[in-house]
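Below is one structure; the comments refer to it alone.
The values are calculated or read from the model by the stated rules, or taken from the named source; none is laboratory data. All of these numbers come straight from a predicted model, not from anything done at the bench. Methodologically, a virtual Cβ is constructed for each residue, glycine included, from the backbone with ideal geometry; neighbour enumeration extends over all protein chains shown. The protein model used for the area step is the full one, side chains on, heavy atoms only, and it has no ligands, DNA or RNA in it. Shrake-Rupley method; radii C 1.70, N 1.55, O 1.52, S 1.80 Å.
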Amino acid sequence: MTNKIEPKRRNFLFTATYTIGAVGLGAAVWPLVDQMNPDASVKALSTTEVDVSSIEPGKEITVLWRGKPIFIKRRTEKEISEAAKVNLKDLKDPEKDSDRAKNPEWLVMIGVCTHLGCVPLKNKGEYKGWFCPCHGSHYDTSGRIRKGPAPTNLEIPKYEFVDNNTIKIG
Amino acid sequence: MSEEKYVPKTKLAEWFDSRLPLLSLSHHLKSYPTPKNLNYWWTFGGILTFCLITQIVTGIILAMHYVAHTEHAFASIEHIMRDVNYGWLMRYVHSNGASMFFLAVYIHIFRGLYFGSYKAPREMIWIIGLAIYLLMMATAFMGYVLPWGQMSFWGATVITNLFSAIPLIGESVTNWLWGGFSVDNPTLNRFYSLHYLLPFLTFGLVILHIWSLHIPGNNNPVGIDVKKGSNETMPFHPYMVMKDLTALLAFLLLFFAFVFFLPDFLGHPDNYIPADPLITPAHIVPEWYLLPFYAILRAIPSKLGGVIFMFASIFVLVGLPWLDSSKVRSATFRPIYKKFFWVLVITVILLGYLGAKPPEGIYLILARIGTAYYFIHFLILLPLLGRYEKTDPLPMSISDPVLDKPGALDKFKEMAGKYEGENVGTFK
């Protein structure tokens, strides 16, 4: 009888020990891994306010937010109408222009190509929007991907109009 | 010549060796039997060891003067170049040394491909070698980021963004790699830390690489097993040591021709512009040794697909010992494989050329053909050749291809006759 119980008890103790050991090891390793994630000082720089009063229609400025370029473009009537009349079926990543620009005159985007992170050039490419020189992605006047390897449209950051002349990003 | 066991000559040596057998190890390394027909393609292992040690020594010296901070990194490199005594030499040896390291490793890998050195019983040598190659690429990539020039910054951005192609967790992974929301100071710091660490891991793997080599012994140009304990092998020292040193000297001529006369030829001029996160250079190119993979990345018209194919192009090599099922090792006796081997060499060089060109028009089409061929070679041609190729008859001994040539024996007798009376003795 005891001979039969002994190994079972041992097996249980071994398994329990391995399990606790694995949990403990995981808990000990996590700080070693997590230290590489964005730290408090990086996260603290999470909002930027931009004065846009001096931007004329058709012009664009680039500001830095969390180390990334943000394109703020004051679009012309022509650019807005071009962006609005595109058929969603022609898009790789279908998104209405009105969903991308809260105020159609102002387009605020993260200026980072969704392919491999280069900064696209303005007023270039086959769709008169942006063109990424690295691997040839073309974006339209709404910053939507039209041609090339990028999988998605230029990302829209979280932003709001604090007043008529100020945009708060983040 | 076979390997004799080490016999300590003194009491002290016996005392020491029985406690820590370093003398036995040293004896083994000297008397290690090598096939007598090894050609100069076999000298690149020694050259690569030299390259690794050179990179470690110059790297440790550069680390004494370099500052890993986005505000100071670029200036500290210029400080090394202009102010530090011989700093220019250390940096140019280190930066060109990386290129020379890759040049040698590519010759070493293609030598293995030609002579079938990856085949049984040498699979472990091959796989450890590939791990070394991966570590080399990671180390070289991170090293290129440290000067914090435009190519450093944008190269780092493009390569780390490869991981954003992973579904669901891609963005968290890239933020974790960066330590932020873009390539920035935390990224530079950790790359510096890892750039210092990885060469020592590589060194450890090199020891395993050589250890796993010393179990079956060297392959050779004929590709048949040598008879250990026969006159088919020679002790590593002094024969191979001298041959390796001769090759190393020739290699150093090329190495230092670059260091002294064309130190920036292999680099990109844009890396002498400080990093600017707002302006992407018109044309981002990696260092030359990574170009074939960059061409594969861009040849696939999908972000995730490009990344998968690029990594697959390296990992497919791990399966090579099993994909190539031919029992004959050396391409010398494989008439069809030999032709495809050279097609592969040309394809890889072509992909390298295309990796430096913009991905459009004819360049893109050729890159796609090259990528397709690369995978067809390993995944389709090699298994088929292993089954259907009619190989040439193998010689019985590694001496035969030399001695079987008409008149070869007479020539040897004549040569030996010239030395008669010196130290050689009678040639039989």
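Quick one: work out Rg over Rh on the C-alpha atoms of segment B:33-284, Rh as Kirkwood radius.
1.03
Here the scattering of segment B:300-390 is modelled by Debye summation over its C-alpha atoms, one equal scatterer each and no solvent; at q = 0.11, 0.16, 0.18, 0.24 Å⁻¹ the log10 of I(q)/I(0) is -0.36, -0.70, -0.85, -1.24.
Protection proxy ranking, highest mean first, for peptides B:110-123, B:369-382, A:151-164: B:110-123, B:369-382, A:151-164, where packing is the per-residue count of other beta-carbon atoms within 10 Å, averaged. Candidate membrane-span-like segments in chain B, meaning DSSP H helices with Cα atoms spread over at least 30 Å of their own axis and a Kyte-Doolittle mean of -1.0 or above, are B:87-115, B:123-145, B:185-214, B:335-355, with no membrane implied. Relative contact order for segment B:33-284: 35 percent, from Cα pairs under 8 Å spaced at least 6 residues apart, divided by residue count. Annotation: amide H-H contacts under 5 Å for A:Ser137 (H modelled 1.01 Å from N, sequence separation of 5 or more, or interchain): A:Cys132. In this structure the amide hydrogen of A:Lys59, modeled in the peptide plane, comes within under 5 Å of the amide hydrogens of A:Arg74, none closer than 5 places in sequence on its chain.
When the accessible area of segment B:115-232 is split by element with a 1.4 Å probe, what percent falls to carbon and sulfur? All intermediate terms of the calculation are to be shown ahead of the outcome.
Working: 3380 of 4490 Å².
Roughly 75 percent, rounded to a whole number.
As a rough guide to protection, the peptides B:39-45, A:25-31, A:129-135 ranked by mean Cβ packing within 10 Å, highest first, stand as A:129-135, B:39-45, A:25-31. For segment B:109-178, the solvent-accessible area of protein heavy atoms averages 31 Å² per residue (probe radius 1.4 Å; ligands and nucleic acids excluded). The C-alpha atoms of chain A define a longest principal axis, and helix A:2-34 lies at about 30 degrees to it. Remark: mean inter-chain Cβ contacts per residue of B:280-286 equal 4, using a 10 Å Cβ-Cβ cutoff to other protein chain atoms. Rg/Rh, computed from the Cα trace of chain A with Rh as the Kirkwood radius, has the value 1.33. Counting only Cα atoms, the size of chain B along its three principal axes is 77, 58, 43 Å, in decreasing order.
Within the accessible surface of segment B:355-394, defined with a 1.4 Å probe on protein heavy atoms only, the carbon and sulfur portion equals 68 percent. Which residues of segment A:50-99 bury at least 50 Å² of accessible area once all protein chains are present, versus their chain alone (1.4 Å probe)? Those are A:Arg66, which lose 50 Å² or more relative to the chain on its own. Normalised by the number of residues in chain A, the mean separation of alpha-carbon contacts (under 8 Å, six or more apart) gives a relative contact order of 19 percent.
Considering only protein heavy atoms and a 1.4 Å probe, what is the carbon-and-sulfur percentage of the accessible area of chain A? Kindly include the intermediate steps, with their values, before the conclusion.
Values: 5590 of 9850 Å².
Roughly 57 percent, rounded to a whole number.
Shielding by partners for peptide B:293-301, expressed as the average number of C-beta atoms from other protein chains within 10 Å of each residue's C-beta, is 1. Let's test the formula: R0 of 56 Å, r as the Cβ-Cβ distance of B:Leu208 and A:Ile61. What FRET efficiency results, to the nearest 0.05? Efficiency at R0 = 56 Å is approximately 0.55.
Only helical runs count toward this figure. For chain B, summing -39,500 (n - 2.57) over DSSP H runs of n ≥ 4 and dividing by all residues gives -19500 deg cm²/dmol at 222 nm.
Residues whose amide H lies under 5 Å from that of A:Leu64, counting only those 5 or more places away or on a different chain, are A:Ile70; hydrogens are built 1.01 Å from N in the peptide plane. Pair-distance distribution of segment B:252-317: all C-alpha pairs, bin width 5 Å, starting at 0; shares per bin in whole percent are 3, 14, 16, 16, 15, 16, 13, 6, 1. Taking the protein assembly as shown, the Cys residues with no second Cys beta-carbon under 4.7 angstrom are B:Cys51. Normalising the average separation of contacting C-alpha pairs (under 8 angstrom, six or more residues apart) by the number of residues puts the relative contact order of chain B at 21 percent. With all protein chains kept in place, the per residue accessible area of segment B:190-288 amounts to 54 square angstrom at a probe of 1.4 angstrom.
Return the average number of partner chain Cβ atoms within 10 angstrom of each residue Cβ along peptide A:132-138.
Working: counts 1, 6, 12, 9, 5, 1, 0.
Taking the mean over all residues of the peptide, I get 5.
Interface A/B, total buried accessible area with a 1.4 Å probe, nearest 100 Å²? Its buried surface, counting both partners, is about 2300 Å². Hull volume per residue, based on the alpha-carbon atoms of the protein assembly as shown and their convex hull, is 271 Å³.
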